[in-house]
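The values are calculated or read from the model by the stated rules, or taken from the named source; none is laboratory data. Given the structure is predicted, the values throughout are model-derived calculations rather than measurements. A quick note on method: Cβ atoms are made from the backbone with ideal geometry, for glycine too, and the neighbour counts reach across all protein chains shown.
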Amino acid sequence: MPSTLAMPVALVTGSGRNIGREIALGLAATGVAVAVNVRSSVEEGQAVVDEIVTSGGQALLCVADVTDQAKVAAMIERIGAHWGRLDILVNNAAIRKEAPLEQISAADWRAALAVILDGAFFCTQAALPLLRQSASGAVINIGGMTSHTGAPERAHVVTAKAGLGGLTRALAHDLSPDGITVNCVAPGMVNTQRQDASASASPLHHAKRHPLLGRRGSAAEVAASVVWLAGPAARFITGQTLHVNGGTYLAA
C-alpha cells in the first residue's frame, strides 16, 4: 500500500559499501527515506538499512541487478508501492576492474558498459513516472575523474564513465520540462575498500597522481556533494559535472 510519507525518497544503486553506502547514510541523515540497492551483497545492503533505521530513518533493501531492465522495473515498482513516491535517483553502481587493452575481453567491455551506463539508463527511464510526480526530482550520476583525464588499463571503465557524463547532459535537456535536475559527481582519488570481483585493489593511476590538498578524499566527502545536489539549494543546477578530487585533476 502506498504511504502518505511526507519525507523525500531516494534510490541509491550499488549502496552496500563505500561511496554508495555513504550517500545512502548521508541522505538519510537529512531526513530522506532511502532504497538501498545491491546486486548480490545482501548482508552489506541490510547492514546499511539497519544503520539507517537504528538512527531513526526509513530504509528499504532492494536486491536487483541494474543491468536487467525487468528487474529494475520491478524494483522501482516496489519502491512506489512501499512509499508512494521517488524524488531522488543516484546512479552509483559500477565495476572498475583494470586490465591491459589486449586482455579486455568483449565480455569485460560489455560488463563495464552494462553496469555503469545501461544501469543508469534503465533506472532513470523506469523511475521517470515517479520522478515526474515530485516537486523536486533529481538524478545524480556518479562519474569519475579518469573519464576526463584518461588512465592506463581502464579503456572499458573510462569509456563507460565518459558516456555517463554525456547521458547527464542529454537527460538535463530531456527532463528539464518536468523540473527534474540531472547532474554528475566525479570523484577523484578516494579511500575505499575494493573487492577483486568489481574493482582492482590498487589502480595504476593512483601511483602517478597526487591531490593538491595532499591527501585522498573520503567517501563521506563525495556523499556530501551528492546530498547537496539532491537538496533544495541546488535546484537551479542541472547538466553539470562536479569534480570532487582535492585538486588532483589540476595536478594530473
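Tabulated values for the structure
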{"quantity": "Helices (runs of 4 or more DSSP H) contained entirely in segment 113-189, each with at least 1 residues that are under 18 Å from Gln69 (Cα atoms)", "calculated": "119-133, 155-175"}
{"quantity": "Strands (runs of 3 or more DSSP E) lying entirely in segment 1-101 (those with 1 or more residues that are closer than 25 Å to Ala162 by Cβ)", "calculated": "9-12, 33-38, 88-91"}
{"quantity": "Candidate set from segment 1-53 (those that are of a type in the set (Gly, Ala, Ser) and more than 20 Å from Ser225 (Cα to Cα)); member that is surrounded by the fewest Cβ atoms within 10 Å (Cβ to Cβ)", "calculated": "Ala6"}
{"quantity": "Extreme residue, farthest from the chain's Cα centre (by Cα), among residues of segment 146-175 that are within 20 Å of Thr238 (Cα to Cα) and either buried (at least 23 other Cβ atoms within 10 Å of the Cβ) or modelled with pLDDT under 95 (or both)", "calculated": "His148"}
{"quantity": "Subset of segment 54-74 [among the hydrophobic types (A, V, I, L, M, F, W, C), surrounded by 16 or more Cβ atoms within 10 Å (Cβ to Cβ) and over 20 Å from Leu25 (Cα atoms)]", "calculated": "Val66, Val72, Ala73"}
{"quantity": "Criterion (under 24 Å from Gly217 (Cβ atoms) and under 14 Å from the mean Cα position of the chain (by Cα)) met by exactly one of Ala47, Ala93", "calculated": "Ala93"}
{"quantity": "Matching residues in segment 25-48 - criterion: being free of Cβ contacts under 8 Å to residues at least 40 places away in the same chain, within 19 Å of Asn91 (Cβ to Cβ) and among the aliphatic types (A, V, I, L, M)", "calculated": "Ala28, Val34, Val36, Val38, Val48"}
